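One structure is given here, and the rest of the page talks about it.
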């Protein structure tokens with residue numbers, strides 16, 4: 001069976017950046033795709049098929065990204081790349097200044113052919129200091145992070161219950177995990193999911 | 001909330017243990033992560049295949065307290081390797097300890113499921129590089145099995 005990784009690599013090596021058929025890559029479910037075999041990397045070592053940083057510019061189908069460790073990345077978006085920004089999104093939503101994590105296949109020329117790009121995604125834990133209908137004030141390692149509820153997008157997961165749009169069960173003093181999208185250069189986050197133990 | 005007595009001996013001395021896995025950023029980073037350091041071991045980086053473990057030292061254990069959720073985990077220190085297998089997709093990744101965490105006691109009894117497959121209590125946190133090998137970062141939290149490679 002041809003893997004998603006093999007499809008990405010063969011498409012780019014063939015000079016066909018951007019021509020990978022979404023239907024071909026879409027044959028794997030998300031969990032299967034992320035569970036697909038990846039090259040062995042020593043535990044503890046940097047993963048060459050992963051990149052993080054902030055977008056400096058966008059050139060055609062390539063994101064030019066400066067890593068927080070000052071390593072520069074070229075991240076190629078192809079038809080099968082999944083993009084996330086508070087939810088599934090499109091390439092035109094990737095903007096200079098956005099933070100990102102990306103996973104894909106590192107090509108011989110150093111380009112990362114992206115399987116997935118998560119824009120501005122954060123996953124932080126903290127105490128609820130205050131809560132209103134529109135926002136949660138989260139104490140994250142001594143810093144206040146203002147978490148905004150986005151109607152139609154923000155959900156809460158109370159332990160193993162199904163996701164709910166009702167965030168009213170959250171309480172001041174409670175410890176929660178907020179997964180969401182950072183608003184660049186602020187201490188504010190748009191909520192995708194709040195995880196609560198109860 | 002009902003809290004049970006910790007198992008004796010620690011369950012992870014006997015076999016693989018199931019629990020919840022999440023992800024966290026460390027090292028140089030952007031956004032709310034920018035204030036995060038390199039973790040208790042001084043080596044943690046978001047782009048490396050690493051994880052946080054709740055019992056890396058006495059000081060670590062006093063913060064995370066998985067025993068208050070009925071889980072005893074043995075002492076494993078910086079560099080120790082675990083294999084983390086997703087109970088959703090079956091993918092796995094081998095990572096090494098680079099930090100203390102997660103704070104298990106603050107989410108005592110929490111349970112994550114994939115269909116009818118569930119696991120309780122936060123026992124491990126992966127870096128984004130490691131977590132994205134077995135699940136999309138947008139899932140945030142997953143049931144997993146933790147074993148030694």
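Read-outs: derived from the displayed coordinates by stated rules, not from any lab. A quick note: this is a predicted structure, and the numbers were derived from the prediction, not measured. Heads up, the Cβs are rebuilt from the backbone with ideal geometry, glycines too, and the neighbour counts pull from every protein chain shown.
A few points about this structure:
- Likely footprinting exposure, A:109, B:99, fewest C-beta neighbours within 10 Å first: A:109, B:99
- Rounded to 5, the percent of DSSP beta bridges in segment A:39-172 classed as antiparallel: 90
- The mean count of C-beta atoms from other chains within 10 Å of the C-beta of residues in A:119-131, rounded to a whole number, is 4.
- In chain B, the calculated helix contribution to ellipticity at 222 nm averages -2500 deg cm²/dmol per residue, counting -39,500 (n - 2.57) for every DSSP H run with n ≥ 4.
- Estimated inter-spin distance, residue B:81 and residue B:61, nm [label 7 Å along Cα→Cβ]: 2.6
- For the protein assembly as shown, the share of DSSP beta bridges that are antiparallel, to the nearest 5, is 80%.
- The residues A:189, A:176, A:150, when put in order of fewest to most other Cβ atoms within 10 Å, stand as A:150, A:176, A:189.
- A:84, B:23 arranged by Cβ crowding within 10 Å, fewest neighbours leading: A:84, B:23
- Take every Cα pair under 8 Å whose residues are at least 6 apart in sequence, average their separation, divide by the length of segment B:15-147, and the relative contact order is 38 percent.
- Placing R0 at 25 angstrom, the Cβ-Cβ distance between residue B:68 and residue A:169 gives a FRET efficiency of 0.65 after rounding to 0.05.
- Label positions at residue A:107 and residue A:129, each projected 7 Å from the Cα along the C-beta direction, are separated by 4.6 nm.
- Inter-chain shielding of B:75-82 (mean C-beta neighbours from other protein chains, 10 Å cut-off): 1
- Antiparallel DSSP beta bridges within segment B:15-147, percent to nearest 5: 70
- Peptide B:85-95, shielding by other chains (average Cβ, 10 Å cutoff): 4
- For segment B:15-147, the orientation-averaged shadow of the C-alpha convex hull comes to 7.4 nm² (one quarter of the hull surface).
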